[in-house]
1. Consider residue 49 carefully, then state whether it is open to solvent by 80 Å² or more (accessible area, probe 1.4 Å), under 30 Å from residue 89 (Cα atoms) and hydroxyl-bearing (Ser, Thr, Tyr).
Amino acid sequence: AQSPWLPHYGGVDVHFTGMADCFRQTVKNKGVLGLWSGLTPSLLKIVPYFGVMFSTFEFCKRVCLYRNGYIESPLNYKLTPGVDQSLHPQELRELKLLRRENFEPRKSALEN
């Protein structure tokens with residue numbers, strides 16, 4: 001509030017010697033409710049912030065679930081059929097490798 005780089009320390013006529021002095025002068029000049037001035041704009045900017053943060057978190061969570069094979073698409077929460085949702089990502093990868101080895105026909109030496 002009192003930048004030394006601005007002329008007259010920001011152009012304000014009130015100067016504080018510390019945080020306690022700022023508190024005392026605010027209560028003296030504006031009353032106890034003066035301590036909450038600016039609360040409404042601060043609360044109004046929190047709403048969009050948390051909206052963006054929550055939606056970003058949810059999308060990143062879906063991308064991680066998709067990349068590890070738990071859901072079919074990052075655009076919905078449709079679970080991958082036949083996948084035990086309690087498996088850890090490494091266990092799921094190992095299970096996929098085992099299934100792939102068991103169900104894919106092996107190439108014979110003559111085919112090579």
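1. On the way: open to solvent by 80 Å² or more (accessible area, probe 1.4 Å): yes; under 30 Å from residue 89 (Cα atoms): no; hydroxyl-bearing (Ser, Thr, Tyr): yes.
When the stated conditions are applied, residue 49 does not pass them.
Conditions (1) modelled with pLDDT of 90 or more; (2) surrounded by 10 or more Cβ atoms within 10 Å (Cβ to Cβ); (3) not assigned by the TED database to the domain that holds residue 92, marked per residue:
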residue: 4; (1), (2), (3): no, no, yes
residue: 11; (1), (2), (3): no, no, yes
residue: 32; (1), (2), (3): yes, no, yes
residue: 70; (1), (2), (3): no, yes, no
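The values are calculated or read from the model by the stated rules, or taken from the named source; none is laboratory data. Since this is a predicted model, take the numbers as computed values, not measurements. Quick reminder, even Gly has a Cβ in these numbers, built from the backbone with ideal geometry, and neighbours come from all protein chains shown. Each accessible area value is taken on the protein alone, full model and side chains, heavy atoms only, with ligands, DNA and RNA left out. Shrake-Rupley method; radii C 1.70, N 1.55, O 1.52, S 1.80 Å.
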